[in-house]
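Below is one structure; the comments refer to it alone.
The values are calculated or read from the model by the stated rules, or taken from the named source; none is laboratory data. All of these numbers come straight from a predicted model, not from anything done at the bench. Here Cβ is always computed from backbone atoms with ideal geometry, including for glycine, and neighbour counts include all displayed protein chains. Areas reflect the complete protein model, heavy atoms only, side chains present, ligands, DNA and RNA absent. Shrake-Rupley method; radii C 1.70, N 1.55, O 1.52, S 1.80 Å.
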Amino acid sequence: MSAMLEVRDLVTAYGKIEALRGVSLEVQAGSITCLLGPNGAGKTTLMMTIAGILRPRAGSVRFAGREIARRPPHEIVGAGVALVPENRLVFPGMSVRENLYAGAYLRRDGEIEADLERLFERFPRLRERAGQDAGTLSGGEQQMLAVARSLMSRPKLLLMDEPSLGLAPLVVEEIFRIVADLHRDGTTIFLVEQNAHMALRVAHHFYLIEQGRITFSGDPGSLAEDEVIRRAYLGSARR
Amino acid sequence: MLADLLQNTLDGLAAGASYAPVALGFALIFGVLRRANLSYGPAIMLGCYAAALAHGRFPGLGLGALAAIALLAAVLAGAYVERLCFAPHRRGSAVAAMVASFALWMQLEEIATLMLPRHVVAFPALYEGEPLAIAGLVLRVEALAAIATAAAVCALLAAILYRSRFGLAVRALVAAPLAAELSGIRPARVFFLVFALASAIGGTAGFLVAATDAQITPMMGLWLTFKGLLATMLGGLGSLPGAVAGALVLGLVEAHAQWFLGPQLRDFVVYLLLFSLLAAAPRWMRTPSPS
(Lines give C-alpha, C1' and ligand atoms only; values in the text may rest on other atoms or scores of the structure.)
Protein backbone atom coordinates (compact mmCIF):
# COMPACT_ATOMS: atom_id res chain seq x y z
CA MET A 1 0.00 0.00 0.00
CA SER A 2 1.10 3.55 -0.66
CA ALA A 3 -0.02 6.81 0.91
CA MET A 4 -2.94 8.29 -1.00
CA LEU A 5 -3.10 11.33 1.27
CA GLU A 6 -0.04 12.83 2.97
CA VAL A 7 -0.51 15.71 5.40
CA ARG A 8 2.74 17.37 6.57
CA ASP A 9 3.14 19.95 9.35
CA LEU A 10 -0.24 21.50 8.62
CA VAL A 11 -1.05 24.71 10.49
CA THR A 12 -4.51 26.29 10.21
CA ALA A 13 -5.55 29.25 12.30
CA TYR A 14 -8.66 31.32 12.99
CA GLY A 15 -7.15 34.74 13.49
CA LYS A 16 -4.47 34.31 16.16
CA ILE A 17 -5.78 31.00 17.41
CA GLU A 18 -4.07 28.01 15.83
CA ALA A 19 -6.57 25.15 15.56
CA LEU A 20 -4.02 22.90 13.85
CA ARG A 21 -0.50 23.24 15.22
CA GLY A 22 1.57 21.16 12.82
CA VAL A 23 -0.47 18.07 11.94
CA SER A 24 1.17 15.24 9.99
CA LEU A 25 -0.56 12.03 8.99
CA GLU A 26 -1.03 9.60 6.11
CA VAL A 27 -3.98 7.74 4.65
CA GLN A 28 -3.00 4.56 2.81
CA ALA A 29 -4.74 3.79 -0.48
CA GLY A 30 -7.51 1.25 0.04
CA SER A 31 -7.69 1.73 3.81
CA ILE A 32 -10.16 3.04 6.34
CA THR A 33 -8.29 5.54 8.48
CA CYS A 34 -9.90 7.16 11.46
CA LEU A 35 -9.18 10.36 13.32
CA LEU A 36 -10.32 10.42 16.95
CA GLY A 37 -10.20 13.22 19.45
CA PRO A 38 -12.21 15.37 21.85
CA ASN A 39 -14.35 18.35 20.87
CA GLY A 40 -12.30 21.34 19.79
CA ALA A 41 -9.19 19.27 19.06
CA GLY A 42 -9.17 20.36 15.40
CA LYS A 43 -10.83 17.41 13.66
CA THR A 44 -13.29 19.43 11.60
CA THR A 45 -10.64 22.09 10.93
CA LEU A 46 -8.39 19.39 9.45
CA MET A 47 -11.17 18.08 7.21
CA MET A 48 -12.10 21.58 6.04
CA THR A 49 -8.46 22.36 5.31
CA ILE A 50 -7.98 19.20 3.25
CA ALA A 51 -11.20 19.99 1.33
CA GLY A 52 -9.96 23.50 0.55
CA ILE A 53 -12.61 25.43 2.50
CA LEU A 54 -9.99 26.70 4.96
CA ARG A 55 -6.55 27.91 3.86
CA PRO A 56 -3.66 26.55 5.90
CA ARG A 57 -1.07 28.98 7.24
CA ALA A 58 1.75 26.48 6.68
CA GLY A 59 2.39 22.88 5.70
CA SER A 60 1.39 20.68 2.80
CA VAL A 61 -1.39 18.31 1.75
CA ARG A 62 -0.49 15.88 -1.01
CA PHE A 63 -3.13 13.76 -2.70
CA ALA A 64 -1.90 11.00 -5.05
CA GLY A 65 1.47 12.77 -5.12
CA ARG A 66 -0.01 16.16 -6.04
CA GLU A 67 0.00 19.22 -3.78
CA ILE A 68 -3.60 20.28 -3.06
CA ALA A 69 -3.13 22.62 -0.09
CA ARG A 70 -4.40 26.17 -0.85
CA ARG A 71 -6.27 24.96 -3.95
CA PRO A 72 -9.96 25.97 -4.16
CA PRO A 73 -12.60 23.36 -3.21
CA HIS A 74 -13.81 22.75 -6.75
CA GLU A 75 -10.29 21.74 -7.86
CA ILE A 76 -9.96 19.38 -4.91
CA VAL A 77 -13.33 17.74 -5.63
CA GLY A 78 -12.28 17.51 -9.27
CA ALA A 79 -9.03 15.79 -8.24
CA GLY A 80 -11.05 13.07 -6.47
CA VAL A 81 -11.38 14.09 -2.82
CA ALA A 82 -14.93 14.53 -1.48
CA LEU A 83 -15.95 15.58 2.03
CA VAL A 84 -19.23 14.57 3.67
CA PRO A 85 -19.55 17.52 6.04
CA GLU A 86 -20.49 17.45 9.69
CA ASN A 87 -24.25 17.67 10.37
CA ARG A 88 -24.92 16.23 6.91
CA LEU A 89 -25.94 19.53 5.26
CA VAL A 90 -28.23 18.28 2.52
CA PHE A 91 -29.90 20.91 0.31
CA PRO A 92 -33.34 21.50 1.87
CA GLY A 93 -36.01 22.67 -0.56
CA MET A 94 -34.46 20.53 -3.28
CA SER A 95 -35.52 17.00 -4.09
CA VAL A 96 -33.35 14.00 -3.23
CA ARG A 97 -32.65 13.53 -6.94
CA GLU A 98 -31.60 17.19 -7.33
CA ASN A 99 -29.30 16.82 -4.32
CA LEU A 100 -27.59 13.94 -6.09
CA TYR A 101 -27.27 15.88 -9.36
CA ALA A 102 -25.67 18.72 -7.41
CA GLY A 103 -23.08 16.21 -6.18
CA ALA A 104 -22.22 15.46 -9.82
CA TYR A 105 -21.99 19.19 -10.58
CA LEU A 106 -18.43 19.10 -11.92
CA ARG A 107 -18.88 16.01 -14.05
CA ARG A 108 -19.39 16.29 -17.80
CA ASP A 109 -19.33 12.57 -18.65
CA GLY A 110 -22.34 10.60 -19.80
CA GLU A 111 -22.43 8.18 -16.87
CA ILE A 112 -24.19 10.36 -14.32
CA GLU A 113 -27.54 8.61 -14.83
CA ALA A 114 -25.88 5.18 -14.51
CA ASP A 115 -24.19 6.27 -11.26
CA LEU A 116 -27.50 7.58 -9.96
CA GLU A 117 -29.06 4.19 -10.66
CA ARG A 118 -26.19 2.39 -8.86
CA LEU A 119 -26.58 4.65 -5.82
CA PHE A 120 -30.33 4.03 -5.76
CA GLU A 121 -29.53 0.31 -5.67
CA ARG A 122 -27.14 0.84 -2.78
CA PHE A 123 -29.57 3.14 -0.95
CA PRO A 124 -33.09 1.89 -1.81
CA ARG A 125 -34.64 4.35 0.62
CA LEU A 126 -33.30 7.24 -1.42
CA ARG A 127 -34.98 5.83 -4.52
CA GLU A 128 -38.30 5.67 -2.65
CA ARG A 129 -37.86 9.32 -1.71
CA ALA A 130 -36.25 10.52 -4.97
CA GLY A 131 -38.84 13.25 -5.57
CA GLN A 132 -39.19 14.27 -1.93
CA ASP A 133 -37.79 17.47 -0.38
CA ALA A 134 -34.44 16.50 1.19
CA GLY A 135 -35.23 18.68 4.20
CA THR A 136 -38.09 16.33 5.17
CA LEU A 137 -35.88 13.21 5.43
CA SER A 138 -34.98 11.65 8.79
CA GLY A 139 -31.50 12.21 10.18
CA GLY A 140 -30.27 8.82 9.02
CA GLU A 141 -31.71 9.29 5.55
CA GLN A 142 -30.10 12.71 5.32
CA GLN A 143 -26.75 11.15 6.24
CA MET A 144 -27.20 8.53 3.51
CA LEU A 145 -28.09 11.28 1.05
CA ALA A 146 -25.04 13.32 2.05
CA VAL A 147 -22.81 10.26 1.50
CA ALA A 148 -24.52 9.44 -1.81
CA ARG A 149 -24.19 13.05 -2.96
CA SER A 150 -20.44 12.96 -2.28
CA LEU A 151 -20.15 9.65 -4.15
CA MET A 152 -21.76 11.28 -7.21
CA SER A 153 -18.47 13.16 -7.71
CA ARG A 154 -16.73 9.74 -8.05
CA PRO A 155 -14.16 10.35 -5.31
CA LYS A 156 -11.03 8.24 -4.89
CA LEU A 157 -10.82 9.44 -1.29
CA LEU A 158 -13.94 10.00 0.80
CA LEU A 159 -13.60 12.23 3.86
CA MET A 160 -16.37 11.86 6.44
CA ASP A 161 -16.81 14.29 9.31
CA GLU A 162 -18.70 12.71 12.25
CA PRO A 163 -21.14 10.64 10.18
CA SER A 164 -22.78 9.14 13.30
CA LEU A 165 -23.37 12.46 15.08
CA GLY A 166 -26.87 12.73 16.52
CA LEU A 167 -28.11 9.46 15.02
CA ALA A 168 -29.89 6.63 16.84
CA PRO A 169 -27.73 3.54 17.61
CA LEU A 170 -29.42 1.37 14.97
CA VAL A 171 -28.87 4.07 12.33
CA VAL A 172 -25.24 4.40 13.43
CA GLU A 173 -24.83 0.65 12.81
CA GLU A 174 -26.25 1.15 9.33
CA ILE A 175 -23.94 4.08 8.56
CA PHE A 176 -20.89 2.03 9.56
CA ARG A 177 -22.12 -0.87 7.45
CA ILE A 178 -22.22 1.56 4.52
CA VAL A 179 -18.66 2.70 5.34
CA ALA A 180 -17.50 -0.93 5.28
CA ASP A 181 -19.37 -1.55 1.99
CA LEU A 182 -17.85 1.49 0.31
CA HIS A 183 -14.40 0.37 1.42
CA ARG A 184 -14.97 -3.15 0.09
CA ASP A 185 -15.91 -1.60 -3.27
CA GLY A 186 -12.55 0.19 -3.45
CA THR A 187 -13.06 3.66 -1.93
CA THR A 188 -10.39 4.90 0.46
CA ILE A 189 -11.99 6.43 3.54
CA PHE A 190 -10.71 8.97 6.05
CA LEU A 191 -13.16 9.30 8.89
CA VAL A 192 -13.50 11.68 11.82
CA GLU A 193 -15.43 10.16 14.71
CA GLN A 194 -16.45 10.77 18.27
CA ASN A 195 -17.87 7.29 18.48
CA ALA A 196 -14.49 5.62 19.11
CA HIS A 197 -16.03 2.20 19.77
CA MET A 198 -17.66 2.00 16.33
CA ALA A 199 -14.72 3.64 14.57
CA LEU A 200 -12.19 1.16 15.99
CA ARG A 201 -14.30 -1.72 14.69
CA VAL A 202 -13.98 -0.64 11.04
CA ALA A 203 -10.68 1.27 10.95
CA HIS A 204 -7.37 -0.21 9.80
CA HIS A 205 -5.42 2.62 11.27
CA PHE A 206 -6.24 5.47 13.59
CA TYR A 207 -4.82 8.76 14.82
CA LEU A 208 -5.58 10.61 18.02
CA ILE A 209 -5.67 14.40 17.80
CA GLU A 210 -5.56 16.59 20.89
CA GLN A 211 -5.31 20.38 20.95
CA GLY A 212 -4.29 20.64 17.32
CA ARG A 213 -1.57 17.98 17.42
CA ILE A 214 -1.46 14.26 16.60
CA THR A 215 -0.65 12.54 19.90
CA PHE A 216 -0.98 8.90 18.94
CA SER A 217 -1.00 6.78 15.82
CA GLY A 218 -1.54 3.05 15.60
CA ASP A 219 -3.66 0.10 14.61
CA PRO A 220 -6.78 -0.82 16.55
CA GLY A 221 -5.47 -3.06 19.31
CA SER A 222 -2.20 -1.22 19.73
CA LEU A 223 -3.74 0.75 22.60
CA ALA A 224 -6.33 -0.55 25.03
CA GLU A 225 -9.77 0.48 23.80
CA ASP A 226 -10.81 2.11 27.07
CA GLU A 227 -7.64 4.18 26.94
CA VAL A 228 -8.39 5.29 23.36
CA ILE A 229 -11.96 6.10 24.27
CA ARG A 230 -10.92 8.11 27.31
CA ARG A 231 -8.46 10.16 25.31
CA ALA A 232 -10.86 10.54 22.36
CA TYR A 233 -13.52 11.99 24.60
CA LEU A 234 -11.59 13.86 27.24
CA GLY A 235 -8.06 14.41 25.95
CA SER A 236 -5.00 13.18 27.85
CA ALA A 237 -4.51 16.48 29.69
CA ARG A 238 -7.62 15.95 31.79
CA ARG A 239 -6.96 12.28 32.56
CA MET B 1 -68.12 54.02 -11.21
CA LEU B 2 -67.73 50.35 -12.07
CA ALA B 3 -66.09 51.30 -15.35
CA ASP B 4 -63.60 53.49 -13.43
CA LEU B 5 -62.89 50.66 -11.05
CA LEU B 6 -62.26 48.25 -13.91
CA GLN B 7 -60.16 50.77 -15.81
CA ASN B 8 -58.03 51.51 -12.73
CA THR B 9 -57.58 47.82 -12.09
CA LEU B 10 -56.46 47.29 -15.68
CA ASP B 11 -54.05 50.25 -15.52
CA GLY B 12 -52.77 49.05 -12.14
CA LEU B 13 -52.11 45.56 -13.43
CA ALA B 14 -50.25 47.01 -16.42
CA ALA B 15 -48.11 49.18 -14.12
CA GLY B 16 -47.56 46.18 -11.83
CA ALA B 17 -46.50 44.10 -14.82
CA SER B 18 -43.87 46.70 -15.70
CA TYR B 19 -42.60 46.64 -12.07
CA ALA B 20 -42.57 42.84 -11.89
CA PRO B 21 -39.31 42.14 -13.77
CA VAL B 22 -37.61 44.98 -11.88
CA ALA B 23 -38.74 43.42 -8.60
CA LEU B 24 -37.67 39.95 -9.78
CA GLY B 25 -34.15 41.14 -10.53
CA PHE B 26 -33.91 42.94 -7.19
CA ALA B 27 -35.27 39.94 -5.26
CA LEU B 28 -32.98 37.55 -7.16
CA ILE B 29 -29.89 39.44 -5.99
CA PHE B 30 -31.29 39.81 -2.48
CA GLY B 31 -32.35 36.15 -2.23
CA VAL B 32 -29.06 34.70 -3.48
CA LEU B 33 -26.50 37.13 -2.06
CA ARG B 34 -28.57 38.21 0.97
CA ARG B 35 -27.50 41.74 0.23
CA ALA B 36 -29.50 44.77 -0.94
CA ASN B 37 -28.13 46.31 -4.12
CA LEU B 38 -29.11 49.97 -4.10
CA SER B 39 -27.31 50.46 -7.43
CA TYR B 40 -29.70 48.05 -9.11
CA GLY B 41 -31.91 50.81 -10.59
CA PRO B 42 -29.04 53.18 -11.50
CA ALA B 43 -27.21 50.40 -13.42
CA ILE B 44 -30.40 49.81 -15.44
CA MET B 45 -30.81 53.56 -15.93
CA LEU B 46 -27.27 53.72 -17.31
CA GLY B 47 -28.13 50.89 -19.73
CA CYS B 48 -31.12 52.92 -20.97
CA TYR B 49 -28.88 55.99 -21.30
CA ALA B 50 -26.52 53.99 -23.51
CA ALA B 51 -29.52 53.14 -25.71
CA ALA B 52 -30.61 56.80 -25.75
CA LEU B 53 -27.09 57.83 -26.75
CA ALA B 54 -27.06 55.26 -29.54
CA HIS B 55 -30.51 56.47 -30.63
CA GLY B 56 -29.21 60.07 -30.86
CA ARG B 57 -26.08 59.12 -32.82
CA PHE B 58 -27.65 56.53 -35.11
CA PRO B 59 -31.35 57.42 -35.57
CA GLY B 60 -31.71 54.47 -37.96
CA LEU B 61 -31.38 51.87 -35.20
CA GLY B 62 -34.60 49.91 -34.61
CA LEU B 63 -36.23 49.22 -31.24
CA GLY B 64 -34.81 45.68 -31.16
CA ALA B 65 -31.21 46.91 -31.57
CA LEU B 66 -31.75 49.63 -28.95
CA ALA B 67 -33.23 47.08 -26.52
CA ALA B 68 -30.15 44.88 -27.05
CA ILE B 69 -27.87 47.87 -26.33
CA ALA B 70 -29.83 48.74 -23.15
CA LEU B 71 -29.67 45.13 -21.97
CA LEU B 72 -25.94 44.72 -22.68
CA ALA B 73 -25.01 48.05 -21.11
CA ALA B 74 -27.14 47.25 -18.04
CA VAL B 75 -25.32 43.91 -17.69
CA LEU B 76 -21.93 45.65 -17.98
CA ALA B 77 -22.94 48.27 -15.38
CA GLY B 78 -24.32 45.51 -13.13
CA ALA B 79 -21.09 43.53 -13.45
CA TYR B 80 -19.15 46.67 -12.52
CA VAL B 81 -21.29 47.11 -9.40
CA GLU B 82 -20.82 43.44 -8.46
CA ARG B 83 -17.03 43.57 -8.81
CA LEU B 84 -16.70 46.79 -6.82
CA CYS B 85 -19.38 46.43 -4.13
CA PHE B 86 -20.29 42.78 -3.70
CA ALA B 87 -17.35 40.52 -4.69
CA PRO B 88 -15.04 42.09 -2.04
CA HIS B 89 -17.69 41.70 0.69
CA ARG B 90 -18.82 38.18 -0.16
CA ARG B 91 -17.86 36.85 3.28
CA GLY B 92 -17.88 40.20 5.00
CA SER B 93 -20.40 42.80 6.03
CA ALA B 94 -23.75 43.08 4.22
CA VAL B 95 -23.97 46.71 5.33
CA ALA B 96 -20.56 47.51 3.78
CA ALA B 97 -21.77 46.10 0.46
CA MET B 98 -25.00 48.12 0.65
CA VAL B 99 -23.20 51.37 1.49
CA ALA B 100 -20.72 50.75 -1.33
CA SER B 101 -23.62 50.23 -3.73
CA PHE B 102 -25.08 53.56 -2.57
CA ALA B 103 -21.77 55.27 -3.43
CA LEU B 104 -21.78 53.71 -6.90
CA TRP B 105 -25.38 54.88 -7.37
CA MET B 106 -24.11 58.48 -7.17
CA GLN B 107 -21.29 57.66 -9.57
CA LEU B 108 -23.60 56.02 -12.13
CA GLU B 109 -25.94 59.02 -12.01
CA GLU B 110 -22.98 61.33 -12.64
CA ILE B 111 -21.88 59.24 -15.63
CA ALA B 112 -25.38 59.43 -17.11
CA THR B 113 -25.51 63.22 -16.62
CA LEU B 114 -22.08 63.62 -18.28
CA MET B 115 -23.12 61.41 -21.20
CA LEU B 116 -26.29 63.38 -21.91
CA PRO B 117 -26.32 66.65 -19.92
CA ARG B 118 -29.95 67.66 -20.54
CA HIS B 119 -32.24 66.63 -17.69
CA VAL B 120 -34.81 64.96 -19.91
CA VAL B 121 -33.61 62.87 -22.84
CA ALA B 122 -35.85 61.73 -25.67
CA PHE B 123 -36.29 58.00 -26.04
CA PRO B 124 -37.87 56.24 -29.03
CA ALA B 125 -41.53 55.48 -28.36
CA LEU B 126 -42.57 51.86 -28.18
CA TYR B 127 -45.81 52.49 -30.03
CA GLU B 128 -47.26 55.62 -31.54
CA GLY B 129 -50.75 54.51 -32.59
CA GLU B 130 -54.04 54.81 -30.74
CA PRO B 131 -54.72 52.67 -27.66
CA LEU B 132 -57.12 49.76 -28.05
CA ALA B 133 -60.70 50.12 -26.87
CA ILE B 134 -62.38 46.96 -25.60
CA ALA B 135 -65.88 47.06 -24.13
CA GLY B 136 -65.52 50.67 -23.06
CA LEU B 137 -62.09 50.10 -21.46
CA VAL B 138 -58.90 51.65 -22.77
CA LEU B 139 -55.95 49.32 -23.17
CA ARG B 140 -52.61 50.76 -24.19
CA VAL B 141 -50.48 48.62 -26.49
CA GLU B 142 -47.52 49.40 -24.19
CA ALA B 143 -49.46 47.80 -21.34
CA LEU B 144 -49.90 44.63 -23.39
CA ALA B 145 -46.15 44.62 -24.11
CA ALA B 146 -45.40 45.03 -20.38
CA ILE B 147 -47.70 42.15 -19.42
CA ALA B 148 -46.29 39.88 -22.14
CA THR B 149 -42.71 40.74 -21.13
CA ALA B 150 -43.41 40.12 -17.44
CA ALA B 151 -44.92 36.71 -18.23
CA ALA B 152 -42.01 35.80 -20.50
CA VAL B 153 -39.43 36.89 -17.90
CA CYS B 154 -41.16 34.83 -15.18
CA ALA B 155 -41.27 31.73 -17.39
CA LEU B 156 -37.66 32.15 -18.51
CA LEU B 157 -36.38 32.68 -14.96
CA ALA B 158 -38.32 29.65 -13.69
CA ALA B 159 -36.84 27.55 -16.51
CA ILE B 160 -33.31 28.75 -15.70
CA LEU B 161 -33.67 28.14 -11.95
CA TYR B 162 -35.49 24.80 -12.10
CA ARG B 163 -34.32 23.23 -15.37
CA SER B 164 -30.68 24.19 -15.86
CA ARG B 165 -27.34 23.20 -14.35
CA PHE B 166 -26.72 26.84 -13.44
CA GLY B 167 -30.11 27.02 -11.68
CA LEU B 168 -29.24 23.90 -9.69
CA ALA B 169 -26.02 25.59 -8.56
CA VAL B 170 -27.89 28.77 -7.56
CA ARG B 171 -30.48 26.89 -5.51
CA ALA B 172 -27.85 24.63 -3.90
CA LEU B 173 -25.78 27.66 -2.92
CA VAL B 174 -28.79 29.32 -1.27
CA ALA B 175 -29.94 26.12 0.47
CA ALA B 176 -26.56 25.11 1.98
CA PRO B 177 -23.55 27.25 0.96
CA LEU B 178 -20.88 25.00 2.49
CA ALA B 179 -22.30 21.82 0.98
CA ALA B 180 -22.55 23.56 -2.40
CA GLU B 181 -18.89 24.53 -2.26
CA LEU B 182 -17.97 20.96 -1.27
CA SER B 183 -19.87 19.77 -4.38
CA GLY B 184 -17.57 21.88 -6.55
CA ILE B 185 -19.92 24.86 -7.04
CA ARG B 186 -17.97 28.15 -7.13
CA PRO B 187 -19.85 30.84 -5.17
CA ALA B 188 -17.95 33.80 -6.65
CA ARG B 189 -18.77 32.72 -10.19
CA VAL B 190 -22.42 31.92 -9.44
CA PHE B 191 -22.94 35.26 -7.67
CA PHE B 192 -21.44 37.11 -10.62
CA LEU B 193 -23.70 35.30 -13.08
CA VAL B 194 -26.75 35.93 -10.86
CA PHE B 195 -25.90 39.63 -10.97
CA ALA B 196 -25.57 39.53 -14.75
CA LEU B 197 -28.90 37.70 -15.06
CA ALA B 198 -30.68 40.16 -12.73
CA SER B 199 -29.20 43.07 -14.69
CA ALA B 200 -30.34 41.59 -18.01
CA ILE B 201 -33.87 41.21 -16.63
CA GLY B 202 -33.74 44.77 -15.26
CA GLY B 203 -32.34 46.13 -18.54
CA THR B 204 -35.24 44.63 -20.46
CA ALA B 205 -37.78 46.01 -17.99
CA GLY B 206 -36.10 49.42 -17.91
CA PHE B 207 -36.03 49.68 -21.68
CA LEU B 208 -39.77 48.99 -21.79
CA VAL B 209 -40.46 51.67 -19.17
CA ALA B 210 -38.30 54.24 -21.00
CA ALA B 211 -39.89 53.44 -24.36
CA THR B 212 -43.39 53.68 -22.85
CA ASP B 213 -42.61 57.13 -21.44
CA ALA B 214 -40.63 58.05 -24.62
CA GLN B 215 -38.13 59.89 -22.37
CA ILE B 216 -35.65 59.23 -19.58
CA THR B 217 -34.06 61.23 -16.79
CA PRO B 218 -31.25 60.31 -14.36
CA MET B 219 -33.99 59.95 -11.72
CA MET B 220 -34.98 56.70 -13.40
CA GLY B 221 -32.37 54.89 -11.28
CA LEU B 222 -33.98 56.04 -8.03
CA TRP B 223 -37.43 55.19 -9.39
CA LEU B 224 -36.38 51.64 -10.38
CA THR B 225 -34.58 50.87 -7.10
CA PHE B 226 -37.62 52.13 -5.14
CA LYS B 227 -40.16 50.15 -7.12
CA GLY B 228 -37.98 47.03 -6.93
CA LEU B 229 -37.36 47.46 -3.19
CA LEU B 230 -41.03 48.22 -2.40
CA ALA B 231 -42.39 45.29 -4.40
CA THR B 232 -39.76 42.94 -2.90
CA MET B 233 -40.64 44.08 0.64
CA LEU B 234 -44.40 43.79 0.04
CA GLY B 235 -43.73 40.26 -1.24
CA GLY B 236 -41.80 39.25 1.85
CA LEU B 237 -38.11 39.94 0.93
CA GLY B 238 -36.20 37.50 -1.23
CA SER B 239 -39.11 35.37 -2.42
CA LEU B 240 -39.39 35.47 -6.21
CA PRO B 241 -43.13 34.72 -6.55
CA GLY B 242 -43.63 37.14 -3.64
CA ALA B 243 -41.77 39.86 -5.55
CA VAL B 244 -44.05 39.41 -8.59
CA ALA B 245 -47.15 39.48 -6.35
CA GLY B 246 -45.74 42.53 -4.56
CA ALA B 247 -45.21 44.31 -7.89
CA LEU B 248 -48.82 43.67 -8.94
CA VAL B 249 -50.17 44.82 -5.56
CA LEU B 250 -47.99 47.93 -5.79
CA GLY B 251 -49.33 48.75 -9.27
CA LEU B 252 -52.94 48.18 -8.24
CA VAL B 253 -52.71 50.19 -5.01
CA GLU B 254 -51.02 53.07 -6.84
CA ALA B 255 -53.63 53.15 -9.62
CA HIS B 256 -56.62 53.14 -7.27
CA ALA B 257 -55.06 55.58 -4.80
CA GLN B 258 -54.25 58.00 -7.60
CA TRP B 259 -57.81 57.89 -8.93
CA PHE B 260 -59.65 58.14 -5.62
CA LEU B 261 -57.24 60.24 -3.54
CA GLY B 262 -55.15 62.10 -6.10
CA PRO B 263 -51.47 61.91 -7.12
CA GLN B 264 -50.26 63.62 -3.91
CA LEU B 265 -51.58 60.83 -1.73
CA ARG B 266 -50.65 57.99 -4.08
CA ASP B 267 -47.19 57.28 -2.65
CA PHE B 268 -48.44 57.98 0.87
CA VAL B 269 -50.94 55.13 0.53
CA VAL B 270 -48.19 52.76 -0.64
CA TYR B 271 -45.96 53.57 2.33
CA LEU B 272 -48.92 53.33 4.68
CA LEU B 273 -49.59 49.85 3.33
CA LEU B 274 -45.95 48.84 3.88
CA PHE B 275 -45.99 50.35 7.37
CA SER B 276 -49.22 48.53 8.32
CA LEU B 277 -47.78 45.28 7.01
CA LEU B 278 -44.64 45.69 9.10
CA ALA B 279 -46.60 46.76 12.18
CA ALA B 280 -49.23 44.04 11.92
CA ALA B 281 -46.99 41.19 10.74
CA PRO B 282 -43.36 41.92 11.61
CA ARG B 283 -42.40 38.35 10.71
CA TRP B 284 -43.55 38.95 7.15
CA MET B 285 -39.95 39.67 6.19
CA ARG B 286 -38.39 36.53 7.49
CA THR B 287 -35.13 34.93 6.44
CA PRO B 288 -35.10 35.12 2.67
CA SER B 289 -35.46 31.97 0.61
CA PRO B 290 -35.07 31.77 -3.14
CA SER B 291 -38.30 30.10 -4.16
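Leaving out ligands and nucleic acids, and using a 1.4 Å probe, what accessible area per residue does the stretch A:81-176 come to in Å²?
40 Å²
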Simple spin-label estimate for B:ASP4 and B:PHE226 in nanometres, 7 Å along Cα-Cβ: 2.5 nm
Calculated P(r) of chain A - Cα pairs past 30 Å, %: 23 percent
Net charge of neighbours whose Cβ lies under 12 Å from the Cβ of B:ARG34, counting Lys and Arg as +1 and Asp and Glu as -1: +3
Percent of C-alpha pairs per 10 Å bin, the protein assembly as shown, short to long: 4, 16, 23, 19, 15, 12, 7, 3, 1, 0
Rounded Å value of the spacing that divides the Cα centres of the stretch A:63-136 and the stretch B:153-226: 26 Å
Using distinct alpha-carbon pairs, which all enter the 1/r mean, Kirkwood radius of the stretch A:177-234 in Å: 12.1 Å
At least 20 Å² accessible surface lost relative to isolated chain, residues of the stretch A:42-86 (1.4 Å probe): A:MET48, A:ILE53, A:PRO73, A:HIS74, A:VAL77, A:LEU83, A:PRO85
Spatial separation of Cα centroids for the stretch B:33-99 and the stretch A:140-214, in angstrom: 48 Å
Cβ neighbours within 10 Å from other chains - mean over A:88-95: 5
Reach of B:LYS227 by Cα under 26 Å, taken over lysines that are not fewer than 8 positions away in the same chain: none
Of B:ILE44, B:ILE185, B:ILE134, the one that fluctuates the most in a GNM where chain B has Cα springs shorter than 10 Å: B:ILE134
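For A:ARG107, what charge total do you get from the other residues with a beta carbon under 13 Å from its beta carbon, if Lys and Arg give +1 and Asp and Glu give -1?
0
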Carbon and sulfur %, accessible surface of the stretch B:15-225 computed with the full protein complex present, 1.4 Å: 70 percent
Burial order of peptide ranges A:149-155, A:5-11 (average beta-carbon count within 10 Å, highest first): A:149-155, A:5-11
Area buried, chain A against chain B - accessible surface, total, 1.4 angstrom probe, square angstrom: 1800 Å²
Accessible area (Å², per residue) of chain B, counting only protein heavy atoms and a probe of 1.4 Å: 44 Å²
Cleavage-rule hits, trypsin sites (Lys or Arg not before Pro), the stretch B:76-155, DSSP coil, Cβ neighbours within 10 Å at most 11: B:ARG91, B:ARG118
Added length on full extension, which subtracts the Cα-Cα distance from 0.36 nm per residue, A:ARG55 to A:HIS197: 48.0 nm
Solvent-accessible area lost in complex, 40 Å² minimum, residues of the stretch B:184-219 relative to chain alone, 1.4 Å: B:GLY184, B:ARG186
GNM flexibility winner over chain B from B:LEU182, B:LEU278, B:LEU46 (Cα, springs under 10 Å): B:LEU182
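Peptide A:103-110: average number of partner chain Cβ atoms within 10 Å per residue? Write down the numbers at each step before the final one.
Numbers: counts 5, 4, 9, 4, 1, 1, 0, 0.
Average neighbour count from other chains, rounded to a whole number: 3.
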Highest-fluctuation residue, A:ILE76, A:ILE68, A:ILE53 considered, GNM on chain A with Cα pairs under 10 Å: A:ILE53
Chain A - percent of accessible surface contributed by carbon and sulfur, probe 1.4 Å: 49 percent
CD proxy at 222 nm, helix term only [per DSSP H run n ≥ 4: -39500 (n - 2.57); per residue of chain B; nearest 500]: -25000 deg cm²/dmol
Accessible area in the full protein assembly, largest first, 1.4 Å probe, for B:ARG283, A:ARG125: B:ARG283, A:ARG125
Relative contact order computed over the stretch A:1-153 (Cα-Cα under 8 Å; 6+ residues apart), in percent: 21 percent
Mean Cα-pair separation over length for chain B, i.e. relative contact order, pairs under 8 Å, 6 or more apart, %: 36 percent
Approximate spin-label separation B:LEU61-A:ALA3, in nm, with each point projected 7 Å along Cα-to-Cβ: 6.2 nm
Cβ-based net charge around A:ASP181, under 15 Å, with every Lys or Arg adding one and every Asp or Glu removing one: +2
Those residues of the stretch B:23-57 whose amide nitrogen sits under 16 Å from the label point placed on B:SER93, 7 Å along Cα→Cβ: B:35-36
Anchor A:LYS156: lysines whose Cα lies under 22 Å away (excluding residues fewer than 8 positions away in-chain): A:LYS43
